[in-house]
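Each remark here refers to the structure printed beneath this line.
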Amino acid sequence: MTVEPERLVLVLSGGGMKAMAHVGVLRALEEVALVPSEIVATSAGALIGALIAAGLGYDEIVPRVFGVGRSELAPLARMSVLVRGLSAPSVLKVQPMRALIERLLPVHDFASLRYPLRVVAVDVDGGIPVIFGAGGRAECSVVEAVLASMALPVYFPPVRIGERRYVDGGVLQVLPLDVAATVPADLVVAVDVGPVREAPPPGFPRGPALLEAHDRAMAVVMAEQRARAVEAWRRDQRRAPLVLVQPRVDPYGTFAFDRTADFIEAGYRAAHEALQMRAGTEARTHGGTGVQARRAGAAS
């Protein structure tokens, strides 16, 4: 018999438009009545995490995210780049993304969210990850925190909150399992749509050489630190069971604005399979190594 967790922590990775897969994962969780007790999210995952934390369900989130387009999320800062060249603060404009986040989120105050939310960003001056929201800094709005967590260097300028500057949380924690490890949990569902080490195949559309080099370097670093985080979690027997959901999405679809439906479906299918596998494992072991055993150990 499957033992439902009392505390489910949902961990959402970055990944640009691939993060739309998180919406499909939410659908799979709703179908088996699994409700997150807390959400830990990075970058584009922070935007979806904030929508879930605000109390929106799958049917409410889908029409919101289907309206997201390149003009809102990734408008080129053409004049700045043309005039200032390498001195330009970023390749893309940040104000349209801020306006998009403000429009999408029904709740802008951390205290008003239905579920606790931890948004991971990076203090670019101190070189350390910082948590906004539950268990961290909450003096800013949810909009500011999500914007900071999505501020991928080169593409977007750092976001100033107070006296510090912040960039994309994926720079240090593209799948923030290290943060999730500090949150009490019976089960952790982590959704990974982050970058991969491998370069795009021959014939894949290439952008400007500098951006291509930047993207490859970031992808390699992020993929490596994600692999280390997953390995560390699985080695530590004191941590809650981990259900790792890895949707089969185009790994190079960060800016694939026309594939929202595909990403959502991929997230749903992957989560459905992962949850079925978890249920089968618990049935075979009769709870011997699952949540039930952890509770028994805690009681003794």
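The values are calculated or read from the model by the stated rules, or taken from the named source; none is laboratory data. Because the structure is predicted, anything quoted here is derived from the model rather than measured. For neighbour counting, all protein chains shown are included, and Cβ atoms are generated from backbone atoms with ideal geometry for every residue, glycine included. Accessible surface is based on the protein model in full, side chains and every heavy atom, while ligands, DNA and RNA are left aside. Shrake-Rupley method; radii C 1.70, N 1.55, O 1.52, S 1.80 Å.
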query = Quick one: how many Å² of His214 are accessible to a 1.4 Å probe, rounded to 10?
reply = 40
note = Under the rule rounded for a/c under 1.5, else prolate if a/b exceeds b/c, else oblate, using alpha carbon gyration tensor axes a ≥ b ≥ c, the range 128-261 is classed as oblate
ask   = Given R₀ = 51 Å, FRET efficiency for Asp236-Val154 by Cβ-Cβ distance, to 0.05?
value = 0.90
key: Around Leu117: net Lys/Arg minus Asp/Glu count, Cβ-Cβ under 14 Å   = 0
message = Could you give me D for the range 103-156, from Stokes-Einstein at 37 °C and 0.692 mPa s, where the hydrodynamic radius is the Kirkwood radius over C-alpha pairs? Units µm² s⁻¹, please.
response = 281
query = Given N residues in the range 208-247, what is Rg(Cα) / (2.2 N^0.38 Å)?
reply = 1.63
inquiry  = Could you work out how much longer the chain between Asp109 and Ala199 gets when fully extended? Use 0.36 nm per residue separation minus the Cα distance between them, nm to one decimal.
reply    = 28.4 nm
remark   = With 0.36 nm assigned to each residue of separation and the Cα-Cα distance removed, Phe257 to Ala99 gains 55.1 nm
ask   = Taking 0.36 nm per residue of separation and subtracting the Cα-Cα distance, what length does fully extending Asp125 through Arg64 add?
value = 18.5 nm
remark   = Taking the alpha-carbon centre of each part, the distance from the range 179-227 to the range 124-153 in Å is 19
key: Where labels lie 7 Å past Cα in the beta-carbon direction, separation of Ala138 and Glu224 in nm   = 3.7
key: Rounded accessible area of Thr254 (nearest 10 Å², 1.4 Å probe)   = 50
